[in-house]
Amino acid sequence: MSEHPKQLLLVGAGAIGQLIAHQWQCAKLPIVTLPRSPGRHADFFDYHFRDYQSARTELCRIPIINDSDFSSIQAVFIAVKAYDLESVFRRLDTLGVPHDRPIICAHNGLVDLTTSRPCYTWITTHGVTRSNRVTEHKGLGSDWIDARIQHHQQLTEQLHTAFPKLHFDADIKARQWQKFCLNCVINPLTAVNQCLNGELLKEQYHEQRRMLVSELVSLSQALGYRLNTADLLVLVEQVCEATAENQSSMLSDIKANRKTEIKALTGYALKKAAELGVNLPTHAALYHQFNQLYLR
Ligand SMILES: NC(=O)C1=CN([C@@H]2O[C@H](COP(=O)(O)OP(=O)(O)OC[C@H]3O[C@@H](n4cnc5c(N)ncnc54)[C@H](OP(=O)(O)O)[C@@H]3O)[C@@H](O)[C@H]2O)C=CC1
Ligand SMILES: CC(C)(CO)C(=O)C(=O)O
């Protein structure tokens, strides 16, 4: 009798992808990766990872999948930027990754994407900074996954083993929206001010933080989400505190001269607000400031 496939395929071995791979490998579970550019004839993707708890840096390696055989894959974990998502799904189709394999998507921001593949949202508030030399887990957060994934029994057991504190969330849409809101505050603010997440707790950002949050609450209510300003402000502050030493993914992109997720964050919020007739003047001003500084 053939063994059930059980490898996790990681697409996007960047900051968050390496955090996931590290935890998966610490639990001695099998993982392979698919690099962005194939054909480099390497058998492994190597990375240096600095663990938060032990503060030790280790050389880690993930085998690169032979991209003509995906039969051993039991699930795909996608940890790319929101704007790369569509091309990753096209690539999975082109390469013939079986359609029944569950796909876990861990991006920030919101994109309108249609696929017939079984997709499950992963939300994370961990803070990870990647440089050419090392990837550092700099802020301890939490992880949530769409509870429907529990239909996949073997994968669920592996998830429990690798991420003992993972929350299985029955209302992942609300969780994703809440995370979207906090990223609409933290990411562009850290990017335009070129500061670490913790610096946003300073008095000088207090009023702007509060206005950004209260406008997002108006939008949330128009969309039917039950959020209030006091709770969302506390959440933003908690994440800034827990990831105080982290450089947000958006500031990392600016510094590395990469495309940013501003369209999938503030851009998406402004688009939804325009459709619903909600006013977001503080977000519009921040978007304008961001584009003045960085639009190339
Ligand atoms: N960093 C953080 O602290 C947090 C990030 N997030 C979110 O997680 C998501 C990932 O962010 P992060 O890990 O920081 O980003 P990174 O840029 O560090 O990693 C993304 C990785 O995806 C790779 N990639 C892109 N397209 C493809 C493709 N078609 N095939 C294979 N690989 C591909 C990139 O390759 P290449 O290097 O060649 O570009 C890169 O290695 C984002 O939505 C981010 O907002 C969420 C919470 C915290
Ligand atoms: C949680 C946080 C704010 C960590 O920096 C993040 O999501 C990001 O950087 O994109």
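The values are calculated or read from the model by the stated rules, or taken from the named source; none is laboratory data. Note that this is a predicted model, so its numbers are computed, not measured. We place every Cβ from the backbone using ideal geometry, glycine too, and count neighbours over all the protein chains shown. The accessibility values were calculated without ligands, DNA or RNA, using every heavy atom of the protein model including side chains. Shrake-Rupley method; radii C 1.70, N 1.55, O 1.52, S 1.80 Å.
For region 7-169, what is the percent of antiparallel DSSP beta bridges, rounded to the nearest 5? Of those bridges, close to 40 percent are antiparallel.
For region 7-169, count the residues as N, evaluate 2.2 N^0.38 Å, and divide the Cα radius of gyration by that value, please. Can you show the working numbers first?
Working: Rg = 14.9 Å, N = 163, 2.2 N^0.38 = 15.2 Å.
Output field value: 0.98.
Protein heavy-atom surface of region 216-258, 1.4 angstrom probe: 46% of the accessible area is carbon and sulfur, with nucleic acids and ligands not counted.
For every helix of n ≥ 4 consecutive DSSP H residues, a contribution of -39,500 (n - 2.57) applies; sum these over the chain, divide by its total residues, and give [θ] at 222 nm rounded to the nearest 500 deg cm²/dmol.
On the way: 9 runs with 116 residues, N = 296.
Helix contribution divided over all residues of the chain: -12500 deg cm²/dmol.
Annotation note: trypsin sites (Lys or Arg not before Pro) in region 156-185 located in DSSP loop regions with a Cβ neighbour count of at most 16 within 10 Å are 165.
The longest stretch of the chain left intact once loop-based GluC sites (Glu not before Pro) with at most 14 other Cβ atoms within 10 Å are removed from consideration, loops following DSSP, is 4-244. Near the amide H of residue 146, within less than 5 Å, lie the amide hydrogens of 121, 169, all on another chain or at least 5 residues away, with H placed in the peptide plane.
Cα centroid separation, region 31-72 to region 192-238: 36 Å.
Roughly how large, in nm² to one decimal, is the mean projection of the convex hull of the alpha-carbon atoms in the chain? The partial results should precede the final answer.
Details: hull surface 63.8 nm².
The orientation-averaged projected area of the Cα hull of the chain comes to 15.9 nm².
Taken along its three principal axes, the alpha carbon spread of region 216-283 comes to 36, 26, 18 Å, from the longest extent down to the shortest. Rolling a 1.4 angstrom probe over the protein heavy atoms, how many square angstrom per residue are accessible across the chain? Averaged over the residues of the chain, the accessible area is 50 Å².
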